[in-house]
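One structure is given here, and the rest of the page talks about it.
The values are calculated or read from the model by the stated rules, or taken from the named source; none is laboratory data. Keep in mind it's a predicted model, so treat the numbers as computed, not measured. Please note: Cβ atoms are built from the backbone with ideal geometry, for glycine as well, and neighbour counts cover all protein chains shown.
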Amino acid sequence: MRTQLYIDGSFGPADNGATFETIDPATENVFSEVASGGASDVDRAVLAARRAFDSGIWSNLPALERASILRRIAKGITDNLELLSRLETRDNGKPLPEAQWDIEDAAYCFEFYAKMIEGDAKADSQAIDVGDIRFDSRIWQEPVGVVAAITPWNFPMLMAVWKLAPALAAGCTIVLKPSELCSMTCYELARIVDTAGLPKGVFNLVTGLGPTAGAALTAHRLVDKIAFTGSVATGGKVMQAASAGIRTVSLELGGKSPFIVFDDCQIDKAVEWIMFGIFWNKGEVCSATSRVLVHHRIYQKLIARLKKETERISIGVGDQEGVKLGPIVAKVQYDKIMGILERAKNSGASLVTGGGRPTGFDSGFFIAPSIFSDVPRDAEIWTEEIFGPVVCLNSFETEAEAIEMANDSPFGLAAAVMSDDLDRCDRVAAKLRAGVVWINCSQPTFTQAPWGGYKSSGIGRELGRAGYEAYLETKQVTRFDHTEDWGWYQAPGPSK
Ligand code: TXE
């Protein structure tokens, strides 16, 4: 398959004709040839987005009309569910049912924000009491402008849509740069958007490499806001680029999410949520349940149960029936995880199961689901995001100790607590420094609910109303009743 850029309502190659190949992670064969946008393509795309925004062709469209186009995009996604899911599985390696969830969620996300602006269309601007009746002061909310969206490879289409749907709903125009590892579904999304009636220039796609296309996009002075999901290291660069010109950023970065298991919970349920939390999407999840803290009374029992169930996980090519764990997205990520696993074996931690390639797989970037217990708290596997199917366990004795261990991380995206004592769950949830806390579950994510992290896990929130407001500027408009006197000019001054 070959892809093109989508700029100002037209598909075409990169200015210099450059392309790069992507690899099917299950077979290691070349899967697609992707247009590799450079600085001049980014410039064309940003200028198109700028023109479209400044013309008001999209932002001034009545909200109900914007909503109907968003709904058409949602329908286009749903109509192509099978194609998009299979592409996502092929590109990223994830099991097909998980790809289907992503694509369904993406369609729903457009529906959700369409509904939000249909509701808001009836709302007037908001009046504020400024304590002086001569003034009529109001808040108007306006789209932030041209948005640069830079997205990762773990949920290639969904992470793009988490930005596009609310930004379009708000009236912004966009340049999207998906991850070079998985660009295919974003390309298909451009084809869907192209037929949905969005005015040209409102949505632009520049596929390309991070250090070239991504860096050119974040450096472009006509971009008003950068919405980024990816690594902490690149997030820092994005923030630095945005500081020139003082532009707004929202960052959704990594995590090392703790899962606290108290001894009054049902172990089987805890095991199921831990497994889902770390092996779903191959552990390539920013909120993955990667650090499990277990009360010492049930620690050994839980490890034994977790080992048994983990060894039953069906590993394979994502579109094979019943597969629960596909290959790692790409060689670069596979090599990173294999390096971490090798160092982990000498870190003092105990390897419970996995720890390398699963037997029977000669090709493809497959890694066995892996468990380490008694992990030293300064070990790389305990402190660093792995972004793979690797879970670390430790035990604790008291609630206070569990909370201290959970919060002892530079990250703060998500956390989970399991206990049949709901008062305890709430007490612990209140003390966890994380943007999302799950009680008696792990990972369920709702379009309606805000998503984002504390500490190094990011800035701002996606999804829910917060995810929409992230694409709005707040303007104060204050009108003076000019039949009244202000009195400053006429005020009697000191006599000469
Ligand atoms: O991320 P990058 P990578 C974490 C995860 C993973 C690690 C590395 O731990 O192992 O990051 O993954 C674009 N200017 N997460 O290298 O580099 C890049 O092209 C502007 C967590 O893939 O952050 C891609 O589109 N953009 C995460 C996007 O940034 C640049 C999801 C993300 O890539 C750029 C992914 C630059 N200089 C990885 N350099 C999560 N929070 O879910 C790269 N990019």
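General remarks:
- Residue among T383, T447 that is polar (S, T, N, Q), out of contact with any helix residue (DSSP H, G or I) (no Cβ under 9 Å at 6 or more places or on another chain) and crowded, with 16+ Cβ neighbours inside 10 Å: T383
- Qualifying residues in segment 26-52 (those that are among the polar types (S, T, N, Q) and over 16 Å from L176 (Cα atoms)) - the one surrounded by the fewest Cβ atoms within 10 Å (Cβ to Cβ): N29
- Selected residue (only one of F361, F365 is over 28 Å from G458 (Cβ atoms) and assigned to a loop (DSSP other than H, G, I, E, B)): F361
- Any hit, segment 391-402, residues being within 27 Å of K94 (Cβ to Cβ) and out of contact with any helix residue (DSSP H, G or I) (no Cβ under 6 Å at 6 or more places or on another chain): yes
- The single condition from (1) in contact (Cβ under 8 Å) with a residue 40 or more places away in the chain; (2) away from the ligand (no atom under 14 Å from the Cβ); (3) not hydroxyl-bearing (S, T, Y) that F365 fails is (2).
- Subset of segment 1-50 [within 25 Å of the chain's Cα centre (by Cα) and part of a loop (DSSP other than H, G, I, E, B)]: T3, Q4, D24, P25, A26, S36, G37, G38
- Residues being assigned to a loop (DSSP other than H, G, I, E, B) and of a type in the set (D, E, K, R) - total across segment 296-313: 3
- Pick from segment 421-443, criterion assigned to a loop (DSSP other than H, G, I, E, B) and buried (at least 17 other Cβ atoms within 10 Å of the Cβ), ranking: farthest from the chain's Cα centre (by Cα): L432
- Listing of helices (runs of 4 or more DSSP H) fully contained in segment 51-131 that carry 1 or more residues being modelled with pLDDT of 95 or more, basic (K, R) and under 28 Å from T474 (Cα atoms): 63-79, 96-120
- In the condition set (1) more than 16 Å from the ligand (Cβ to nearest atom); (2) in a loop (DSSP other than H, G, I, E, B), S287 is compliant with all but (1).
- Within segment 153-181, the set of residues being surrounded by fewer than 24 Cβ atoms within 10 Å (Cβ to Cβ) and within 7 Å of the ligand (Cβ to nearest atom) comprises W153, E180, L181.
- Taken over segment 4-34, the residue count meeting the criterion of being touching a residue at least 40 places away in the same chain (Cβ under 8 Å) and under 25 Å from C172 (Cα atoms) is 9.
- Filter result for K256 (near the ligand (Cβ under 6 Å from one of its atoms) and among the basic types (K, R)): no
- Selection from segment 210-235 of residues that are among the β-branched types (V, I, T), closer than 20 Å to S36 by Cβ and within 6 Å of the ligand (Cβ to nearest atom): T218, T234
- Filter result for the condition that a residue is within 14 Å of G326 (Cβ to Cβ) and surrounded by fewer than 23 Cβ atoms within 10 Å (Cβ to Cβ), over E88, E98: E98
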